[in-house]
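The values are calculated or read from the model by the stated rules, or taken from the named source; none is laboratory data. Fair warning: this is a prediction, and the values are worked out from it, not measured in the lab. All Cβ positions, even for glycine, are placed from backbone atoms using ideal geometry, and neighbour counts span all protein chains on display. These accessible areas exclude ligands, DNA and RNA; they are computed on the full protein's heavy atoms, side chains included. Shrake-Rupley method; radii C 1.70, N 1.55, O 1.52, S 1.80 Å.
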Amino acid sequence: MLPDSPDPFYYLANFERALAWLDERCADLFDDAERRFAAGFAHLPRASRALFVRMLMRKGPHFRASRLAYEEIGCPRAAAAPLVAARWIDDAPMLDLDALAPLVTKAELQALAARLCIALEPRATRAGMLAALGSHYAAAPEPRAWHAWFPASPDTVLLFTAAPLCERLRLMFFGNLHQDWSEFVLADLGVYRYESVPLDDASRAFQRRDDLDTYLALRDCRDGLDRAAQAADADGARTLNAAIATTLAALDALAPRTQANAWLRARHDKLRHAAGLAAERAGDPELACRAYLDCGHPESRYRRVRVLEQLDRRDEALALATAIAEAPLNEEEGQRAARTRSRLARTRAKSKATAEPGFAQRELALVAAPAGLRVEEAARLSLTTAQAPVFYVENTLINALFGLLCWPALFAPLPGAFFHPFQRGPADLHAADFVARRASQFEACLAELDTQAYRDSILRRYADKAGIQSPFVAWPALSGELLALALDCFPAAHLRLWFERLLREPVANRSGLPDLVRFWPHEGRYELIEVKGPGDRLQDNQRRWLAYCAQHGMPVSVLQVRWPDSDATGAAAAAQALRAP
C-alpha cells in the first residue's frame, strides 16, 4: 500500500502484515514477551498501534510528545496511554545528559543554564552549551525525569521500550539486522523489486530459538569489538587487545551453538577472522594467530602464515604456505601462498608449469590528461569508432549474462536460501557449498550454451525480470544495445568458460574483470581491455582474470594510458608493474 494512497495508515497496515507473517511462520520461536505482543497488539486502539509503528520507524528511543504530531493519530499522549499500560512505552523515563542532548532546543538549553546560574559564551553553540552544562557538575549528574530538568515545560518525553522486542521480530522476519520495515514501503513504491520465490516451513533463517539468541550474541560480540577498535588511540593498544581476547573467549563459548547451522557458523568464522585482523593492526601476532587457528573463514589460513612469519616461526609458516599452495581453497589463497612460499624458501625460480600466461600489453597516448573524466572513460572515447564501438562494462556485463542465464539456479527455493519476500539474492551465496547444492540447476542452465537456446533465455529474462534485484545483474549498466552486441560477438564457448570460473567462486570472481569491451559486430568478434593510468598497477584479482582469459585464447589486453604531462618515472614504474608476475 503506497504512502500517498487514500489510507493514511499504510505504514500500520504494512507492519501488521509482517506481524501476521511472523505469527504464521515463526510463532514457535517466540519468547513470552513476543507472544504477549503478538496476541495483544491487534486489540489496541488504531491510533495507539499507529503511534507505536511511527515511533518504531523513527530514530529514538526517546521522543518528545510534541514532536509526535500526526494528523491521522491525533493527540499523541492519548494514543500513548494504552502503550504505556502495556509497558511498550515509558512516559516518565530518567534522562541523563546524553539522552537529553538530542531532545532539547538551543533556547531550552539557555533557559536551563540560566536557572542553574551557568555562564555561557555570548555566541555559544548547542555543543558548547551542553559542554558547559556537563562541566557544571563535579560528576555526571544523576538521570532525572524531563520535568526535573524543565519544571515549567508543557511537554513530556516518551521512551520506546519495545525497541529490543521489535528488533528480535525484525531479525526473525528478515534473517538480518541491516534491513528494516521500510522495505515494505520501498517495494510498494517500486523503488526495489524482488524475485518471487516460494517459501515453505524450511525457508526460515532460524529453526530454533537458540539460533536467534546465538545470532544476537554474535552481533553483541561484533559491536563490542568495533567499539574497542574505534576507541583505541596511540596508547590504547592494550585496551583493544583485551577486547579482542574477550571477543575470542566469547566466540569459543558460542562455537558449539553454531555447529548445526552453517549460516551461523559462517558468521562466527567471519567475526573470528575480524578479531584476528584487529589483533594484527594492534601489533599482537600471538593473539592474531590464536584467532585464525581453527577458523573457517577462507582468508584465515593465509593470514596465519603471515603472523607465523611475524613471530619468527618460519618453519611453521613455510610448511603451512606449502600446504596451502598445493591444496588452496580458492585461486586467491593459492596465488598468495605460492608467492609467500617462494619468498620463505628464498627462491624466485619459476617452472614453466606455474608461469603466468601472457596477455597483450599496449599503450595509448592521449593528447592531454582527461579533464573531469575517469581514465577508463577517456580511453573508451579515444578507442570507440562507428565500426567498433567500445563500452565501459568492468564487472557488469559478464556477470549480468551469467545472472540472466542462470536465474533459475540462483533463485532456486532451497532451504536456507530465501527467508522473506525482500531478498536481493540467496542468503547462502557466500557458503562453500552454494554451487554444489544447485549443481543440477546450474548444469541445466549451462547446457543451453550447447544450442541457441541460451540467447532466447537471456533475452527473455532481460525483458521479464527487468529491474528485479539480483546479486549479478546491475540493470542500469545493461542496455538492449549492449546485450545484443554481446550475444552476437561473444562465442558461446567463451561464455561457458567465464561462467565456469564464476561458479568456482561466485562471490570472489564477480570482480577483477576488464574495464572495457570492444565489439566488431560485422565480424562477430570482440576484445576485453583492462585500462591502467599512469602510476596504476594490476590488482591480483585482475591478474587472475587476465591470465585465465589468455590461457584459453580469449582476446584480452592491458592498455597503459599516457599523456604528455604524466610523470615519466611513474609511467615507467607502472609499465614495469604490468610486466611483473
When every residue in the range 184-212 that is open to solvent by 20 Å² or more (accessible area, probe 1.4 Å) and of a type in the set (Asp, Glu) is compared, the one nearest to Ala145 (Cα to Cα) is Asp210
Within the range 407-417, restricting to residues that are in a loop (DSSP other than H, G, I, E, B) and open to solvent by 10 Å² or more (accessible area, probe 1.4 Å), the one that is nearest to Asp269 (Cα to Cα) is Gly416
Whichever residue in the range 173-229 is under 24 Å from Pro415 (Cα atoms) and β-branched (Val, Ile, Thr) and, among such residues, is modelled with the lowest pLDDT: Val197
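Taking Val157 as the residue in question, decide whether it is out of contact with any Cys (no Cβ under 8 Å at 6 or more places or on another chain) and touching a residue at least 40 places away in the same chain (Cβ under 8 Å).
yes
Here's the yes/no breakdown for (1) over 29 Å from the mean Cα position of the chain (by Cα); (2) among the hydroxyl-bearing types (Ser, Thr, Tyr); (3) open to solvent by less than 30 Å² (accessible area, probe 1.4 Å); (4) under 22 Å from Leu483 (Cβ atoms):
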{"residue": "Arg525", "(1), (2), (3), (4)": "yes, no, no, yes"}
{"residue": "Pro534", "(1), (2), (3), (4)": "yes, no, no, no"}
{"residue": "Arg537", "(1), (2), (3), (4)": "no, no, no, no"}
{"residue": "Tyr548", "(1), (2), (3), (4)": "no, yes, yes, no"}
{"residue": "Leu559", "(1), (2), (3), (4)": "yes, no, yes, no"}
Taking the range 149-163 and keeping only residues that are open to solvent by less than 50 Å² (accessible area, probe 1.4 Å) and either of a type in the set (A, V, I, L, M, F, W, C) or in a strand (DSSP E or B) (or both), one is left with Trp149, Phe150, Val157, Leu158, Leu159, Phe160, Ala162, Ala163
Of all residues in the range 422-464, count the ones that are in a loop (DSSP other than H, G, I, E, B) and open to solvent by less than 60 Å² (accessible area, probe 1.4 Å). 9
Looking at (1) in contact with a strand residue (DSSP E or B) (Cβ under 8 Å, 6 or more places away or on another chain); (2) aromatic (Phe, Trp, Tyr); (3) crowded, with 19+ Cβ neighbours inside 10 Å, which one does Trp520 not meet, given that it meets all the others? (3)
Only one of (1) surrounded by fewer than 14 Cβ atoms within 10 Å (Cβ to Cβ); (2) within 18 Å of the chain's Cα centre (by Cα); (3) over 30 Å from Met55 (Cα atoms); (4) of a type in the set (A, V, I, L, M) does not apply to Leu177, and that is (3)
Only one of (1) open to solvent by 10 Å² or more (accessible area, probe 1.4 Å); (2) more than 17 Å from Asp515 (Cα to Cα); (3) part of a loop (DSSP other than H, G, I, E, B) fails for Leu373. Which number is that? (2)
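Can you say whether Ala484 is under 15 Å from Phe359 (Cα atoms) and assigned to a helix (DSSP H, G or I), as far as the supplied structure shows?
On the way: under 15 Å from Phe359 (Cα atoms): no; assigned to a helix (DSSP H, G or I): yes.
Spelling it out, it is not the case that Ala484 is under 15 Å from Phe359 (Cα atoms) and assigned to a helix (DSSP H, G or I).
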Within the range 138-148, the residues that are farther than 14 Å from Pro93 by Cβ and open to solvent by less than 50 Å² (accessible area, probe 1.4 Å) are Pro141
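Confirm whether Arg265 is modelled with pLDDT of 90 or more, within 22 Å of the chain's Cα centre (by Cα) and closer than 29 Å to Arg222 by Cβ. Walk me through it before giving the result.
Details: modelled with pLDDT of 90 or more: yes; within 22 Å of the chain's Cα centre (by Cα): yes; closer than 29 Å to Arg222 by Cβ: yes.
Taking the combined requirement at face value, the residue satisfies it.
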Considering Phe472, Phe519, which residue is among the aromatic types (Phe, Trp, Tyr) and in a loop (DSSP other than H, G, I, E, B)? Phe472
Residues in the range 371-404 that are touching a residue at least 12 places away in the same chain (Cβ under 8 Å) and over 17 Å from Ala477 (Cβ atoms) total 7
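Residues that are polar (S, T, N, Q): list the helices (runs of 4 or more DSSP H) wholly contained in the range 164-281 that include at least 1 such residues. I'd like the intermediate steps shown before the answer.
Details: elements: 182-189, 209-231, 237-258, 262-281.
Once the helices (runs of 4 or more DSSP H) in the range 164-281 are filtered for at least 1 residues that are polar (S, T, N, Q), what remains is 182-189, 209-231, 237-258.
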Matching residues, the range 1-28, being modelled with pLDDT under 90, under 16 Å from Glu183 (Cβ atoms) and open to solvent by less than 70 Å² (accessible area, probe 1.4 Å): Leu2, Pro3
When both residues are 6+ apart or on different chains and their Cβ atoms are under 9 Å apart, which pairs have a first residue that lies in the range 272-288 and is at pLDDT below 95 and surrounded by fewer than 22 Cβ atoms within 10 Å (Cβ to Cβ), and a second that is among the β-branched types (Val, Ile, Thr) and not in a helix (DSSP H, G or I)? none
